[in-house]
Structure formats: structure tokens, C-alpha cells
Amino acid sequence: MAARVVALGIDLGTTSVKAALVEAVPGDPSGFVVLASCARAARAEAAQSAAAGPQGQEQDVSRIIQALNECLAGLPRQLLQEVCGIGVSGQMHGVMFWKTGQGCEWTEEGTSPVFEPGAVSHLVTWQDGRCSSGFLASLPQPESHLSVASGFGCATIFWLLKNSPEFLKSYDAAGTIHDYVVAMLCGLPRSLMCDQNAASWGYFNTQSQSWNLEILRASGFPVCLLPDIAEAGSVAGRTSRAWFEIPKGTQVGVALGDLQASVYSCMAKRTDAVLNISTSVQLATSMPSGFQPVQTPDPAAPVSYFPYFDRSYLAVAASLNGGNVLATFVHMLVQWMTDLGLEVEESTVYSCMIQAAAQQRDTCLTITPTVLGERHLPDQLASVTRISSSALSLGHVTRALCRGIVQNLHSMLPFQQLKEWGVERVIGSGSALSRNEVLKQEVQRAFPFPVSFGQDVDAAVGAALVMLQRNLNQRVS
């Protein structure tokens with residue numbers, strides 16, 4: 001009897017960390033079973049740095065790694081011993097820094113070796129808004145089909161170079177949070193990044209698979225911090241130590257973008273589109289083989305073309321306003337109640353407002369939910385219109401807010417365009433969608449296609465599947 005093939009997938013998201021153990025189905029190249037999964041809230045928001053001001057968005061890496069360790073501890077030990085590969089994905093665009101050789105410290109937690117962050121910075125996330133429109137306009141034009149926005153790694157490094165140059169001198173390596181985890185697991189001497197994450201930083205040419213080194217050097221950018229580039233789906237290295245019950249020497253894939261990993265786990269056919277609603281929102285569909293985007297960035301374009309696998313691309317409408325808008329609304333309600341002398345848990349408010357909206361099947365209230373603006377419209381704010389005295393209940397407002405999230409996406413990528421691209425089905429995924437029946441209803445109402453819904457751990461599953469496929473290919477060859 002052939003040994004079964006099991007991979008561990010990890011997704012380091014903005015609000016939570018997820019892990020999934022996935023087994024290949026013998027005799028079925030695309031078949032898989034999720035054996036076990038675990039999720040933990042990251043609760044990693046860090047105090048805003050004085051230099052970045054109120055627009056800064058940073059996370060404490062130690063808390064993210066703590067959530068990761070809790071996830072691994074929550075998985076069956078026997079299954080971890082069978083893991084033959086580790087796939088890692090995470091929130092794109094963000095950047096953190098570390099000192100080579102001092103990025104982490106390995107300790108024994110019970111009988112399991114774990115690592116804790118060492119000489120590392122905070123993670124400056126994709127939600128960071130310190131780079132104003134004026135500052136972005138002062139940066140050199142990239143040689144890429146993708147423009148640069150606040151929260152993108154290279155834009156953040158440019159900002160630090162101008163406003164906190166001494167800060168950068170403390171570190172000699174940089175990457176996304178998931179690049180960091182891969183580097184620590186493998187003991188890599190240099191940071192390694194796939195083209196998916198490199199494109200999300202800006203100043204990366206996907207056709208030549210290289211950074212815009214000449215442009216960056218001419219502007220005094222510290223190019224020594226830029227990671228080496230590897231192909232998405234390739235192996236970054238092997239675990240340098242046993243990790244929990246996973247043996248030393250286990251293959252670790254180069255870190256993937258969370259969007260691409262989620263799409264990989266959901267998209268069964270090229271005629272599928274994947275709608276991911278987590279902290280933010282992405283609607284993605286695959287472009288035909290051989291497609292190459294125009295190499296002139298257009299900051300005002302609402303649709304971008306992200307690298308996927310095997311030099312292919314996804315057309316993506318990426319909205320900054322998703323589950324975070326609902327969280328902002330909940331926080332506002334809780335704050336109002338506190339001001340009125342009442343105490344209530346956010347989780348209670350969330351469940352009550354979803355229940356109220358479920359009973360309110362329709363509303364004339366219209367909410368444009370862009371409290372965070374959009375990358376193609378950075379100065380846009382939210383608005384509420386068509387207000388009437390009969391549409392002020394919690395149910396009306398919550399229904400209108402969920403509808404607004406979906407309609408905002410429709411304004412970025414009209415669903416008729418999906419039809420013209422040959423899309424026949426939409427698959428919904430992501431934590432904000434999986435636990436919100438009202439949002440599901442609004443998605444089904446808006447799309448002119450059949451809609452099915454995936455799981456909350458799709459990105460972690462996708463990262464595991466990439467490693468499973470690689471392992472199976474190696475066994476065949």
C-alpha cells in the first residue's frame with residue numbers, strides 16, 4: 001500500500017492565521033481531502049509609529065507568529081508527522097524587515113521546537129496609508145504593468161528612506177510576513193520571494209521576472225533589501241529543524257500570494273471566477289494562455305493583472321473595502337453604546353446585526369462603503385443616500401452595507417465583462433463571506449451566474465495543494 005501524501009498549508013492573513021492538513025486522493029490528480037484545519041485570530045495591530053501618523057497600519061510580528069504556533073499546536077500530532085511538504089501564503093503588498101542570522105530564536109515548547117521572532121521590525125501592512133497621493137506622484141515611474149500604491153512594499157521603503165533613514169540601517173533583509181516565515185523555517189541566508197508577491201510590492205517587471213534595479217538605484221533606493229526571485233510553486237528550501245512534529249528536512253515552498261492560493265484551491269475550470277471577501281475583497285478570473293498585459297501602468301484602472309502560475313495572469317478587481325468595513329461599522333456601534341453608558345461585546349453586535357438584516361430582505365437605502373478609498377480612487381470616501389425615516393433600522397442599514405460592498409465591486413469590474421471573458425460560475429470564499437448569510441444573499445442577487453461557496457481556509461488549502469501537486473509530480477517522474 002502506497003504511503004499517503006499529506007501537505008501542510010498555512011495562510012497568514014490580516015486578521016487571522018489559518019492552517020490546514022490536506023491529503024491527496026490516490027488515483028485522482030486533482031482530488032484532495034482536508035484532514036484537519038485550525039484558525040486563530042492574530043490580534044496583531046500595533047501602536048501607530050509617530051513618524052507614520054494616524055494613516056500608518058502596522059502589525060506586531062510576534063503576535064502573528066504566536067497565532068501560527070497556536071494553529072500548529074491545534075493540529076493532530078500524528079498527521080503532522082506525515083507531512084511531506086509545507087506551503088505558505090499570506091497578505092500581499094506588506095513589508096517587514098529583519099537582520100540576517102538574527103531573525104528568530106528557536107526554543108523548545110513542551111516537546112516541540114518552535115521559533116520566536118528576534119531582530120525584526122513591525123509588519124507595515126497593505127492597509128497602510130502613509131504614502132499620500134503627492135508622495136506617490138514624486139516617485140519614479142515603474143517599468144511594470146502595475147502601478148504603485150500606498151501599502152505596497154517598495155512605496156513603504158521609499159517613504160522610510162525619506163522619513164526614517166536610520167530605521168532602515170538596522171536591517172539587511174526584507175519581505176512579506178510569509179516570506180519571513182519561509183526564510184526562518186529553512187534558515188535561508190537571503191530573503192526569497194515569488195513573482196506573485198514581488199509584483200504586489202511594485203517596481204517589478206513580470207515579463208523579465210526582475211526588479212526595476214536601474215530605476216530604483218537612480219533614486220537611492222536600498223536595492224540590497226530586495227529579495228531574490230523564485231518561481232511560484234517552486235521549493236524555497238527544507239526545514240532546518242524539526243517544527244512541532246514535522247520532520248527536519250521537509251520541503252517548504254516559496255511563499256505565495258493569498259489571493260493566488262485561494263484561487264488555486266477554488267477554481268476548478270477556466271470558466272470559473274473566484275470572489276474572495278475577507279478583510280478586503282478580490283474578484284479574480286484567469287486570462288487566456290499567452291495573455292500579456294500592456295506594460296504601461298494606469299493608476300486609475302480598477303482592474304489589475306496579477307501573476308498566477310506558469311507565467312499566466314489573473315484579472316483582478318481588488319477592493320480595499322470588505323470585511324473591514326463591516327468591522328468598522330460594528331466598532332462604531334459599540335463605541336456609540338459605550339458613549340451611552342452601555343457595554344456590549346462586538347461579537348454580540350455582529351450576530352445581532354446579521355440576524356436583523358436577514359429578516360430585512362430588501363432596502364431602498366444605498367451605502368457606498370468606500371471608507372478606505374480605493375487604490376484607483378485613493379481620495380474617495382463613503383456615503384449614504386436615499387435615506388428615509390422607514391429605512392433607518394439596524395436591518396436596513398446592515399442590508400444596505402452588505403449590498404454596497406458587492407455593488408462597489410461591480411463598479412470596478414462590471415459583471416457583463418466577466419460574461420464576455422467566458423465566465424460561467426462564481427465561487428465565493430473568504431472569512432467575511434463564509435460567516436455572513438446576508439453577504440452571501442447579496443452576492444447571489446448581484447451575479448448573473450450560478451454561485452457556490454467555498455471554505456474559510458481556502459488560501460491555506462491552496463498553499464498545501466501547490467505542494468501536494470509538486471510532490472505527486474516528483475513521484476511520477
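Some points to look at:
- Flag for residue 427 being touching a Phe, Trp or Tyr at 6+ places or on another chain (Cβ under 8 Å) and of a type outside the set (Gly, Ala, Ser): yes
- Residue count for the stretch 416-437 under the criterion of being under 23 Å from the mean Cα position of the chain (by Cα) and part of a helix (DSSP H, G or I): the result is 6.
- Selection count, the stretch 331-380, where residues are assigned to a helix (DSSP H, G or I), over 31 Å from the mean Cα position of the chain (by Cα) and β-branched (Val, Ile, Thr): 1
- The requirement of being assigned by the TED database to the domain that holds residue 443, farther than 19 Å from residue 429 by Cβ, of a type outside the set (Val, Ile, Thr) and out of contact with any Phe, Trp or Tyr (no Cβ under 6 Å at 6 or more places or on another chain) is not satisfied by residue 327.
- Qualifying residue in the stretch 104-112 (condition: in contact (Cβ under 8 Å) with a residue 60 or more places away in the chain and within 27 Å of residue 171 (Cα to Cα)): yes
- Residue in the stretch 43-59 that is open to solvent by less than 70 Å² (accessible area, probe 1.4 Å), closer than 27 Å to residue 247 by Cβ and either in the same structural domain as residue 185 (by the TED database) or over 18 Å from the mean Cα position of the chain (by Cα) (or both) present: no
Conditions (1) hydroxyl-bearing (Ser, Thr, Tyr); (2) in contact with a Gly (Cβ under 9 Å, 6 or more places away or on another chain); (3) under 20 Å from residue 203 (Cα atoms), marked per residue:
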| position | (1), (2), (3) |
| --- | --- |
| 256 | no, yes, yes |
| 262 | yes, yes, no |
| 268 | no, no, no |
| 276 | no, yes, no |
| 280 | yes, yes, no |
| 283 | no, no, no |
| 291 | no, no, no |
| 295 | no, no, yes |
| 299 | no, no, yes |
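- Which listed residue is assigned by the TED database to the domain that holds residue 187 and closer than 30 Å to residue 161 by Cα, from 34, 95: 95
- Comparison of 378, 369 shows that the only residue that is closer than 22 Å to residue 315 by Cα and of a type outside the set (Lys, Arg) is 378.
- Matching residues, the stretch 437-455, being modelled with pLDDT under 95 and crowded, with 23+ Cβ neighbours inside 10 Å: none
- Matching entry among 218, 284, 232 (being buried (at least 20 other Cβ atoms within 10 Å of the Cβ), outside the structural domain of residue 323 (by the TED database), small (Gly, Ala, Ser) and modelled with pLDDT of 95 or more): 232
- Beta carbons closer than 9 Å, at least 6 apart along the sequence or on distinct chains, pair a first residue in the stretch 24-35 that is more than 14 Å from residue 470 (Cα to Cα) and in contact (Cβ under 8 Å) with a residue 40 or more places away in the chain with a second that is part of a loop (DSSP other than H, G, I, E, B) and open to solvent by 90 Å² or more (accessible area, probe 1.4 Å) for 34/455.
- Scanning the stretch 161-190 for residues that are assigned to a loop (DSSP other than H, G, I, E, B) and open to solvent by 10 Å² or more (accessible area, probe 1.4 Å) gives 164, 169, 170, 171, 172, 187, 188, 189, 190.
- Residue within the stretch 306-315 that is closer than 16 Å to residue 427 by Cα and open to solvent by less than 60 Å² (accessible area, probe 1.4 Å) present: yes
- All of 240, 278 fail the test of being open to solvent by 20 Å² or more (accessible area, probe 1.4 Å), without any contact (Cβ under 8 Å) to a residue 60 or more places away in the chain and of a type in the set (Gly, Ala, Ser), apart from 240.
The values are calculated or read from the model by the stated rules, or taken from the named source; none is laboratory data. The model shown is predicted, which means the values in this text are computed figures rather than measured ones. FYI the Cβ positions are ideal-geometry reconstructions off the backbone, even for glycines, and counts take in every protein chain you see. Quick note on the areas: whole protein, heavy atoms, side chains included, nothing else; ligands and nucleic acids left out. Shrake-Rupley method; radii C 1.70, N 1.55, O 1.52, S 1.80 Å.
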